[in-house]
1. Criterion first (under 30 Å from residue 181 (Cβ atoms) and exposed (fewer than 14 other Cβ atoms within 10 Å of the Cβ)) does residue 37 satisfy it?
2. Out of (1) closer than 30 Å to residue 298 by Cβ; (2) assigned to a helix (DSSP H, G or I), what's the single condition that is false for residue 50?
3. So residue 121 passes all but one of these: (1) touching a residue at least 12 places away in the same chain (Cβ under 8 Å); (2) closer than 20 Å to residue 254 by Cα; (3) part of a strand (DSSP E or B). Which condition number does it fail?
4. State yes or no: is residue 37 without any contact (Cβ under 8 Å) to a residue 40 or more places away in the chain, touching a strand residue (DSSP E or B) at 6+ places or on another chain (Cβ under 9 Å) and closer than 21 Å to residue 285 by Cβ?
5. Among the residues that make up region 165-180, is at least one of them part of a loop (DSSP other than H, G, I, E, B) and in contact with a helix residue (DSSP H, G or I) (Cβ under 9 Å, 6 or more places away or on another chain)?
6. Looking at residue 43, is it modelled with pLDDT of 95 or more and in contact with a strand residue (DSSP E or B) (Cβ under 7 Å, 6 or more places away or on another chain)?
7. If you scan region 162-190, which residues turn out to be crowded, with 21+ Cβ neighbours inside 10 Å and closer than 18 Å to residue 227 by Cα?
8. Do the conditions hold for residue 3, that is, is it more than 24 Å from residue 323 (Cβ to Cβ) and not in a strand (DSSP E or B)?
């Protein structure tokens, strides 16, 4: 039997912090999605409304990678009231040549959080104005803080605001973010004002009804929506997508069924049959590889709709295993 690395959450957190290298790793995974030979099946998603929970299983084979990951990611959103994290899970990395297990990554959702934050930074670097320095974060959980941290790696963020339905959580998140990042982070209770004062807006909530309205958007803004990873979720008013000059999906096949694009299609503001032929709709991989022009002017409004891909999981699992082996850790 081949040797299998078993990695704990503590080992992974120590070996794989959120850095620009991680952002570049995830950007490379998106670029590979534009190539032939990628195998990425639909997300297996189980919605559990009776316990305010969900479970997603994602995987992808990427040409040139020695392995592929299968990731199980539960999200149970009543957990904080029980003193538990909302997300957990693990990844298993298999050999792309033999199918044998290379590693079991008992990350408790850490690598998913990491690659999700990195994807937000990839989108912001590709689509926002280079001089963007004010951010509005919707949400006050782990991912909200990581998104802001990742954003600061790729844009000169000097000031941020946090909006959340729970004001106490927003205050706590703002305090942590300000201390961690060394920038001014304030709490704002009016979501319209949060949007109005921002160059970049990031939504990180499990909302099932829109929390950002189209009429609030202003010229030059970029929005990254990453909370809608289930068919029941929705953070942006459908009209935001037609108000925008460019809408970018991490993968159309996913955002049609579980992202903000799904809500816009169901609302009738976007025609499902014309998506592949619209110059204002693109996949992030095409923007990154130059197949699509991306942002044209500083006044464009851009939206990135991130539902999370198996390609990101394979990329971060491979990166993490290499980092562990480099440091001589693991069981």
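1. When the stated conditions are applied, residue 37 does not pass them.
2. It fails just one condition, (1).
3. Unmet condition: (3).
4. Working: without any contact (Cβ under 8 Å) to a residue 40 or more places away in the chain: yes; touching a strand residue (DSSP E or B) at 6+ places or on another chain (Cβ under 9 Å): yes; closer than 21 Å to residue 285 by Cβ: yes.
It is true that residue 37 is without any contact (Cβ under 8 Å) to a residue 40 or more places away in the chain, touching a strand residue (DSSP E or B) at 6+ places or on another chain (Cβ under 9 Å) and closer than 21 Å to residue 285 by Cβ.
5. Checking region 165-180: not a single residue is part of a loop (DSSP other than H, G, I, E, B) and in contact with a helix residue (DSSP H, G or I) (Cβ under 9 Å, 6 or more places away or on another chain).
6. Numbers: modelled with pLDDT of 95 or more: no; in contact with a strand residue (DSSP E or B) (Cβ under 7 Å, 6 or more places away or on another chain): yes.
No: the conditions fail for residue 43.
7. The answer is 162, 163, 164, 170, 173.
8. Values: more than 24 Å from residue 323 (Cβ to Cβ): no; not in a strand (DSSP E or B): yes.
The answer is no for residue 3.
The values are calculated or read from the model by the stated rules, or taken from the named source; none is laboratory data. Note that the coordinates shown come from a computational prediction; the quantities given were computed from them, not determined experimentally. When we count neighbours, we look across all protein chains shown, and the Cβ atoms used for this are built from the backbone with ideal geometry, even at glycine.
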